[in-house]
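Trainee: One structure coming up, written as structure tokens, with questions to follow.
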Amino acid sequence: MAKPKVLGIVLAGGEGKRLWPLTADRAKPAVPFGGNFRLIDFVLSNLVNAGYLKICVLTQYKSHSLDRHITTSWRMSQLIGNYVTPVPAQQRLGPRWYTGSADAILQSLNLVYDENPDYLVVFGADHVYRMDPSQMVQAHIESGAEATVAGIRVPRREATAFGVIQTGADGYTIDQFLEKPADPPAVPDDPDVAYASMGNYVFSTKAMIEALKEDAADESSAHDMGGNIIPMFVKRGTAHVYDFARNKVPGATDRDAGYWRDVGTLDAYHDAHMDLVSVEPIFNLYNRAWPILSLPPTLPPAKFVEDGTARDSMISAGSIISGATVTRSVVSEDVHINAGSRVEGSVLLPGVRIGRNAVVRHAILDKNVVVPDGAKVGVDVDLDNDLYTVSPGGITVVGKNITIAH
């Protein structure tokens, strides 16, 4: 049997307003994560590890940083026709930008026609997780569905924040797709659990093209994948759920198997970093059987001098910890922390400079932030709130290129 032709489409046009100020100068999928990576590296790694090597990344909002990262880091073997390519909004259907995630694919159907795939794998670009998409594609093929939605089991009380999938008695045919319902429906086999949509879809190509064109003709539509396209397939009875718990990733530990985080808020972004740094991490970046890929920086190894220490932390290349103490933090590349300073429970993005005897506590510092000698971040949250951004969970967030004033 011939191997099915699959085209990967990654929806990466998200503005990410809830991650402000990290998205003040970049698209949400371009936000750095985990010291060495960008958020988009997780979905691209999952697709590439699964053997899907033709991938289009649809971009729109402040995409320069994202486009540059893709073109410099994700260089595939063009000799045999593989590629990861950013595709900016091109106004192919008239003088307008993308009006929704479904419209983004509609305006990019030339990519689909060029490849003529049997199936479309349409994934979001801003979640932290490991997944083998080929298992979901195989389940889609075997089911005979036209659309398959990846669902993750979450406690019903937490499902109000997600798009929720209600299935029939068979446990896989989708009866309803509900956006952030006040009373989420339970999965058939557990009254306390609901299926939350992961924003990952598989479509039979012909059916998807027909649905996109039908949606485009509906002037009342928001042209959204979850809000409009999936309900169309639900109405036809041809939409199925794929239980993420079925997905088995090589090298996964009992502790991090099935991990998935929507890092769409500052608190969720910070919490996901804290998941990385324990002795047995909740999410293990060191799984070489299913690696998260990115282009490593051309920098020397991290250096610790003058009794500088780091505990329960990740320290990236080019960073220098000089007589300072770092605890339960993620330090990105090319960060310098000087004598007497303390960094606790924080995320430092590339190029941060921390002077002597400074304190950084429960904070996120964006690229090239400067913390002068003796300054404090995250110590007086009320003062921070007047000058910077403080999340609902009390995390102080300082935007790019800012010098701390106190």
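The values are calculated or read from the model by the stated rules, or taken from the named source; none is laboratory data. Being a predicted model, the structure only gives us computed values, none of them experimental. Cβ coordinates were reconstructed from backbone atoms using ideal geometry, including for glycine residues, and neighbour counts include every protein chain displayed.
Trainee: What single numbered condition from (1) modelled with pLDDT under 95; (2) within 21 Å of the chain's Cα centre (by Cα); (3) of a type outside the set (D, E, K, R); (4) buried (at least 20 other Cβ atoms within 10 Å of the Cβ) fails to hold for TYR129?
Mentor: That leaves (1) as the condition not met.
Trainee: All but one of (1) crowded, with 17+ Cβ neighbours inside 10 Å; (2) in contact (Cβ under 8 Å) with a residue 40 or more places away in the chain hold for ARG246; state the number of the condition that does not hold.
Mentor: It is condition (1) that ARG246 fails.
Trainee: Considering only region 4-27, state which residues are among the acidic types (Asp, Glu) and surrounded by 15 or more Cβ atoms within 10 Å (Cβ to Cβ). Talk me through it step by step, then tell me what you get.
Mentor: Step one: filter region 4-27 for residues among the acidic types (Asp, Glu), giving 15, 25.
ASP25 - this is the single residue of region 4-27 that is among the acidic types (Asp, Glu) and surrounded by 15 or more Cβ atoms within 10 Å (Cβ to Cβ).
Trainee: Does region 45-52 contain any residue that is in contact with a helix residue (DSSP H, G or I) (Cβ under 7 Å, 6 or more places away or on another chain), aliphatic (A, V, I, L, M) and either buried (at least 23 other Cβ atoms within 10 Å of the Cβ) or more than 16 Å from LEU349 (Cα to Cα) (or both)?
Mentor: Step one: of region 45-52, the residues in contact with a helix residue (DSSP H, G or I) (Cβ under 7 Å, 6 or more places away or on another chain) are 46-47, 50-52.
Then keep just the ones that are aliphatic (A, V, I, L, M); that gives 47, 50.
Those left that are additionally either buried (at least 23 other Cβ atoms within 10 Å of the Cβ) or more than 16 Å from LEU349 (Cα to Cα) (or both): 47, 50.
Scanning region 45-52, I find at least one residue that is in contact with a helix residue (DSSP H, G or I) (Cβ under 7 Å, 6 or more places away or on another chain), aliphatic (A, V, I, L, M) and either buried (at least 23 other Cβ atoms within 10 Å of the Cβ) or more than 16 Å from LEU349 (Cα to Cα) (or both), so the answer is yes.
Trainee: Ok, one more. For region 145-171, which positions are of a type outside the set (A, V, I, L, M, F, W, C), under 17 Å from LYS235 (Cβ atoms) and either touching a helix residue (DSSP H, G or I) at 6+ places or on another chain (Cβ under 7 Å) or at pLDDT 90 or above (or both)? Write out each step before concluding.
Mentor: Keep residues of region 145-171 that are of a type outside the set (A, V, I, L, M, F, W, C), which gives 146, 148, 151, 153, 155-158, 160, 163, 166-168, 170-171.
Narrowing further to those that are under 17 Å from LYS235 (Cβ atoms): 146, 148, 163, 166-168.
Residues satisfying the conditions are GLU146, THR148, GLY163, GLN166, THR167.
Trainee: OK, next. Of everything in region 88-123, what is modelled with pLDDT of 90 or more and among the β-branched types (Val, Ile, Thr)? Give them in sequence order.
Mentor: Once the filter is applied, which keeps residues that are modelled with pLDDT of 90 or more and among the β-branched types (Val, Ile, Thr), region 88-123 yields ILE105, VAL112, VAL121, VAL122.
Trainee: Of all residues being touching a residue at least 60 places away in the same chain (Cβ under 8 Å) and out of contact with any His (no Cβ under 8 Å at 6 or more places or on another chain) in region 341-361, which is nearest to VAL330 (Cα to Cα)? Just the residue, please.
Mentor: Filtering region 341-361 down to residues touching a residue at least 60 places away in the same chain (Cβ under 8 Å) leaves 345, 347, 349-350.
Next, from what is left, pick out any that are out of contact with any His (no Cβ under 8 Å at 6 or more places or on another chain): 349-350.
Working: LEU349: 8, PRO350: 11 Å.
Looking at the filtered set, the residue picked out is LEU349.
Trainee: For region 373-406: of the residues being closer than 15 Å to VAL335 by Cβ and not aliphatic (A, V, I, L, M), which is surrounded by the most Cβ atoms within 10 Å (Cβ to Cβ)?
Mentor: Filtering region 373-406 for residues that are closer than 15 Å to VAL335 by Cβ and not aliphatic (A, V, I, L, M), the one surrounded by the most Cβ atoms within 10 Å (Cβ to Cβ) comes out as LYS400.
Trainee: Still on this structure, I have one more. Would you mind finding the one in ILE55, ILE105 that is under 25 Å from ILE229 (Cα atoms) and either outside the structural domain of ASP262 (by TED's automatic domain parsing) or in contact with a Phe, Trp or Tyr (Cβ under 8 Å, 6 or more places away or on another chain) (or both)? First the steps, then the outcome.
Mentor: Numbers: ILE105 fails: either outside the structural domain of ASP262 (by TED's automatic domain parsing) or in contact with a Phe, Trp or Tyr (Cβ under 8 Å, 6 or more places away or on another chain) (or both).
Only one candidate qualifies: ILE55.
Trainee: Moving on to the next point. Let me confirm something: among ALA182, ALA139, which residue is touching a helix residue (DSSP H, G or I) at 6+ places or on another chain (Cβ under 8 Å), closer than 21 Å to PRO231 by Cα, in a loop (DSSP other than H, G, I, E, B) and small (Gly, Ala, Ser)? First the steps, then the outcome.
Mentor: Values: ALA139 fails: in a loop (DSSP other than H, G, I, E, B).
Within the list ALA182, ALA139, the selection yields ALA182.
Trainee: To continue, here is another question. For the condition free of Cβ contacts under 8 Å to residues at least 24 places away in the same chain and in contact with a strand residue (DSSP E or B) (Cβ under 9 Å, 6 or more places away or on another chain), what is the one hit in ASP67, ASP41?
Mentor: Values: ASP41 fails: free of Cβ contacts under 8 Å to residues at least 24 places away in the same chain.
Going through ASP67, ASP41 in turn, just one is free of Cβ contacts under 8 Å to residues at least 24 places away in the same chain and in contact with a strand residue (DSSP E or B) (Cβ under 9 Å, 6 or more places away or on another chain): ASP67.
Trainee: Please verify whether region 292-306 includes one or more residues that are of a type in the set (A, V, I, L, M), under 23 Å from VAL360 (Cβ atoms), under 20 Å from the mean Cα position of the chain (by Cα) and crowded, with 17+ Cβ neighbours inside 10 Å. Don't jump to the end; show me each part of the working.
Mentor: First, the residues of region 292-306 that are of a type in the set (A, V, I, L, M): 292-293, 295, 299, 302, 305.
In the following step, the residues that additionally are under 23 Å from VAL360 (Cβ atoms) were identified as 299, 302, 305.
Then drop every residue that is not under 20 Å from the mean Cα position of the chain (by Cα), which leaves none.
No, the conditions are met nowhere in region 292-306.
Trainee: Within region 141-153, restricting attention to residues that are more than 22 Å from ALA257 (Cβ to Cβ) and buried (at least 24 other Cβ atoms within 10 Å of the Cβ), which residue is farthest from the chain's Cα centre (by Cα)? Please lay out each step first, then the result.
Mentor: From region 141-153, those more than 22 Å from ALA257 (Cβ to Cβ) are 141-147; that's our starting set.
Narrowing the set further to residues that are buried (at least 24 other Cβ atoms within 10 Å of the Cβ) leaves 145, 147.
Details: ALA145: 26, ALA147: 22 Å.
By that ranking, first place goes to ALA145.
Trainee: Taking the residues in region 184-210 that are without any contact (Cβ under 8 Å) to a residue 60 or more places away in the chain and touching a Phe, Trp or Tyr at 6+ places or on another chain (Cβ under 7 Å) as candidates, determine which candidate is farthest from VAL43 (Cα to Cα). Can you show your working first?
Mentor: Applying the first criterion (without any contact (Cβ under 8 Å) to a residue 60 or more places away in the chain) to region 184-210 yields 184-197, 206, 210.
Those still in the list that are touching a Phe, Trp or Tyr at 6+ places or on another chain (Cβ under 7 Å) too: 187, 196-197.
Working: VAL187: 26, ALA196: 18, SER197: 15 Å.
Once the filter is applied, the top-ranked residue is VAL187.
Trainee: Just checking: which of the strands (runs of 3 or more DSSP E) contained wholly in region 302-405 hold 2 or more residues that are closer than 20 Å to LEU285 by Cβ?
Mentor: Working: elements: 303-305, 309-311, 320-322, 325-327, 342-344, 359-361, 363-365, 396-398.
Correct list: 309-311, 325-327.
Trainee: Consider ALA27 carefully, then state whether it is of a type in the set (Gly, Ala, Ser), outside the structural domain of ASP312 (by TED's automatic domain parsing), in contact with a helix residue (DSSP H, G or I) (Cβ under 7 Å, 6 or more places away or on another chain) and under 23 Å from ASN401 (Cβ atoms). Steps first, please.
Mentor: Working: of a type in the set (Gly, Ala, Ser): yes; outside the structural domain of ASP312 (by TED's automatic domain parsing): yes; in contact with a helix residue (DSSP H, G or I) (Cβ under 7 Å, 6 or more places away or on another chain): yes; under 23 Å from ASN401 (Cβ atoms): yes.
Yes.
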